[in-house]
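All of the numbers you see were taken from the coordinates with simple rules; none came from a lab. Since we're looking at a predicted model, the values are computed, not measured. As a convention, Cβ positions derive from the backbone with ideal geometry for all residues, glycine included, and neighbour counts pool all protein chains shown.
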Amino acid sequence: MADLLPIEQKTDEELAREARAGSRRSFEELALRYKRRLFVYFRPRLGSDQDAEDLVQETFLKLYRNIHNYDPALRFSTWLYTSANRLAISSYRRKKTAAGRLGPEVADDSTDLAVRAAAGEMRSTGLWDAARTLGGNQYRVLWLRYGEGLTIEEIAASISKSRLAVRLLLHRARTNLMKRVGPAPGRAAVTVAVRETPPG
Amino acid sequence: MFCNLTRWLISRAEDRGKEVPRFAERHAARCGACREYALFAASLSSRLSGEAPAYLDKAPDSPLDPAAWTAEGAGCRTRAPFRSRFVLHPFPAAVAVLVVAASALVLFLVVRREPALTSTEKLAVIASLKSVVAAPAEFRVAVAEAESSLARERVILEKSVLSAVEYLQARLNIRVERKQAPKSL
């Protein structure tokens with residue numbers, strides 16, 4: 001049934017199963033779907049767009065080599081981000097060793113963002129742009145939670161942290177994000193906001 | 001003080017998909033900052049999800065290089081799986097070699113410093129063994145002495161018990177009979 005669908009309409013998991021069975025076309029479709037997502041995921045912790053693009057390329061290369069290890073019981077995005085995180089950590093370590101100093105990704109990121117903001121390059125004042133300035137872990141969990149829609153358990157598995165640690169990171173991210181962008185619009189609904197918390 | 005706790009409870013409820021606890025709800029009803037946080041947390045999901053496509057559109061659409069996957073994949077399949085993982089780092093290897101050499105040297109010296117027994121020493125060892133063999137007679141005497149003092153104590157104790165029993169018989173006008181004497185008495 002799934003085979004009859006056009007490739008664009010197939011789910012990630014169907015494509016991953018086909019790629020696992022040897023379909024290069026399915027893997028390319030997956031790469032197309034995720035390359036920008038991975039880019040925005042990596043970018044805040046790296047010094048430049050070029051570094052992020054290289055890491056995206058490297059991630060897909062690794063996934064292609066290990067596609068036979070994909071467990072169809074898992075969501076593809078969870079598997080992808082787990083691999084991406086491991087690769088990113090290795091990359092950051094290599095970069096630190098090469099630079100001979102600690103914490104280059106955070107320093108580079110904040111400097112880069114500050115410079116770009118000062119130059120008026122960052123035209124958008126959206127929430128995601130503010131989220132990028134939060135720092136590596138908080139931005140990552142925000143992206144995985146709200147950008148990718150992963151559950152707390154899936155995020156914990158992806159970034160190799162406990163569920164409590166993930167919830168704590170999310171809480172800090174929300175608090176800091178609110179400090180940066182201000183309270184939500186529509187204060188008239190404030191009184192019912194507490195009750196109307198949607199299920200995560 | 002309660003603001004931090006309230007906000008954590010609101011966050012936790014958001015992540016778990018459960019209702020905010022009553023305590024946090026009551027506090028948020030009184031505290032404007034916590035109300036704002038609750039509203040912000042509740043609206044964050046829809047706001048971030050809604051902004052995600054525009055955010056992704058801003059990312060550069062750089063082309064991927066599928067040819068590299070094939071080349072690398074082919075190379076990977078033909079390569080031995082563990083060859084590239086085993087790397088002998090020079091410094092740890094040198095340290096390991098030094099440790100092994102030092103251990104070997106110490107063992108060699110310790111073993112070498114235990115010379116064989118001379119004939120005089122052998123005679124001394126035999127003499128000490130003979131003295132050990134002769135010991136049982138003295139040992140028996142010592143045991144007998146110890147046992148005799150123990151027997152004396154036992155007799156004294158038995159007499160004390162008997163006198164106590166007689167006193168009780170006389171005092172209480174009762175008769176105490178020993179059914180069966182213990183073997184030790």
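Remarks
- Residue-span extension gain [B:E177 to B:A137] - 0.36 nm each, minus C-alpha spacing: 10.0 nm
- Between B:L150 and B:A68, residue separation times 0.36 nm minus the direct Cα-Cα distance comes to 20.0 nm.
- As a proxy for reagent exposure, ranking B:L88, A:L127, A:L55, B:L117 by other Cβ atoms within 10 Å from fewest up yields B:L88, B:L117, A:L127, A:L55.
- Between A:Q50 and A:S160, the contour length at 0.36 nm per residue exceeds the alpha carbon distance by 37.0 nm.
- Order of A:D129, B:D15 - criterion: other Cβ atoms within 10 Å of each residue's Cβ, fewest first: A:D129, B:D15
- Here B:I10, A:I159, B:I156 are placed in order of increasing Cβ neighbour count within 10 Å, fewest first, which gives B:I156, A:I159, B:I10.
- Annotation for B:E19 and B:V165: the two label points, set 7 Å from Cα along the Cα-Cβ direction, are 8.0 nm apart.
- For B:K58, the lysines whose Cα falls under 20 Å of its own Cα, not counting residues fewer than eight places away in the same chain, are A:K35.
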